[in-house]
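Each reported figure results from applying straightforward, stated rules to the coordinates on display, with no laboratory input. Fair warning: this is a prediction, and the values are worked out from it, not measured in the lab. Methodologically, a virtual Cβ is constructed for each residue, glycine included, from the backbone with ideal geometry; neighbour enumeration extends over all protein chains shown.
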Amino acid sequence: QVQLVESGGGLVQAGGSLRLSCVASGSIFSIRNMGWYRQPPGKQRELVANMASFGSTNYADSVKGRFTISRDNTKNTVYLQMNSLKPEDTAVYYCQQVINRTTYWGQGTQVTVSS
């Protein structure tokens, strides 16, 4: 059984920073893509950023230049450094990892940015 556990969400003022972490545990033989999605209130889930196993990255236009995704393969962990946060970044953030050719999701962590 594979489990993803997220941490690092919270309440921050506009212009502030947060760092999200997502650790995978269980019977892990391979991890391909790692990524972060978010679901703003009343809206659909959307891609924030993802990273392939060989390091290439992809970002939503709305976060380019402000957010940075990174991964530590030795710890089965993916991070999302969020800088210059805006109220429109308020959402539940979900981690996604493709482990053993199966897609897993974290439970979600709330990020709230006040103006």
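So, with +1 on the Cβ of K and R and -1 on the Cβ of D and E, and no other charges, what is the size of the charge dipole of the chain about its Cα centre, to the nearest 20 debye?
140
Return the FRET efficiency for the residue pair Arg45, Asn83: r is the Cβ-Cβ distance, R0 is 30 Å, and the value is rounded to the nearest 0.05.
0.85
Need one number: % antiparallel among DSSP beta bridges in the chain, to the nearest 5.
Rounded to the nearest five, the antiparallel share is 90 percent.
Any aspartates and glutamates with Cα under 18 Å of the Lys64 Cα? List them, leaving off those in the same chain fewer than 8 positions away.
Within the straight-line cut-off, Lys64 pairs with Glu46, Glu88, Asp89.
As an exercise, identify the chymotrypsin sites (Phe, Trp or Tyr not before Pro) in the stretch 8-114 lying in DSSP coil whose Cβ has no more than 11 other Cβ atoms within 10 Å.
Answer in residue order: Phe29, Phe54.
Given a Förster distance of 25 angstrom, what is the FRET efficiency for Trp105 paired with Phe54, based on the Cβ-Cβ distance and rounded to 0.05?
My answer for the efficiency is 0.65.
List the aspartates and glutamates whose Cα sits under 19 Å from the Cα of Lys75, skipping any in the same chain fewer than 8 residues away.
Glu6
Can you give me the long-range amide H partners of Lys86? Hydrogens built in the peptide plane at 1.01 Å from N, cutoff under 5 Å, separation of 5 or more residues or another chain.
Distant-sequence amide H within range of Lys86: Gly15.
What is the diffusion coefficient of the chain in µm²/s, taking the Kirkwood radius over Cα pairs and the Stokes-Einstein relation at 4 °C with a viscosity of 1.567 mPa s?
Result for D is 92 µm²/s.
Springs between alpha-carbon atoms under 10 Å, Gaussian network over the chain: tell me which of Val98, Val48, Val78 tops the mean-square fluctuations.
Top of the fluctuation ranking is Val98.
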